[in-house]
1. Using a simple spin-label model with points 7 Å from Cα along the Cα→Cβ vector, what separation in nm is obtained for Ile60 and Tyr98?
2. Below 20 Å, Cα to Cα, which aspartates and glutamates can Lys61 reach? Residues fewer than 8 away in the same chain don't count.
3. Pulled fully out, how much extra length does the chain show between Glu17 and Thr90, if you take 0.36 nm times their separation in residues and subtract their Cα-Cα distance?
4. Quick one: what are the phi-derived ³J(HN,Hα) couplings along segment 83-98, Karplus 6.51/-1.76/1.60 with θ = phi - 60°, whole Hz, x for glycine and proline?
Amino acid sequence: MKIKNNRSEELKKYIEERQNLFWYSPSPKSESVSDELIIETILNYGSMDDVKTLFKIMDIKYIAKLFFDSINKSERRKGNYFDLTINYFTLFFNRYAY
């Protein structure tokens, strides 16, 4: 898993404001949560406003790459996403990220 130690203050604040979604992660959450986990959590459990804000903070092409890498890696990893999430964001990223 890729963990960015040089997170922007904006991304750190974003994670801290949504700490209820990352309740299972050790503190400080903004430093210990991988990009893959941030994306997975927000796409699965976040509101559409959370998703829109994430797209403003992180590049949509980067998010799409990590999403597709994750769902194409293995069945176990793919199982971390809800079927509806996979379907919706596959269509979304194919249209808007590429």
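1. For the pair Ile60/Tyr98, the computed spacing is 1.5 nm.
2. Here the aspartates and glutamates satisfying the reach criterion relative to Lys61 are Glu10, Asp35, Glu36, Glu40, Asp49, Asp50, Asp69.
3. 23.6 nm
4. The phi angles translate into 4, 5, 5, 4, 4, 4, 6, 5, 5, 4, 5, 4, 7, 9, 9, 10 Hz.
Rule-based calculations on the coordinates, nothing more; no lab input. Because the structure is a prediction, the values reported are computed rather than measured. No Cβ is skipped: glycine too gets one built from the backbone with ideal geometry, and neighbour counts run over all protein chains shown.
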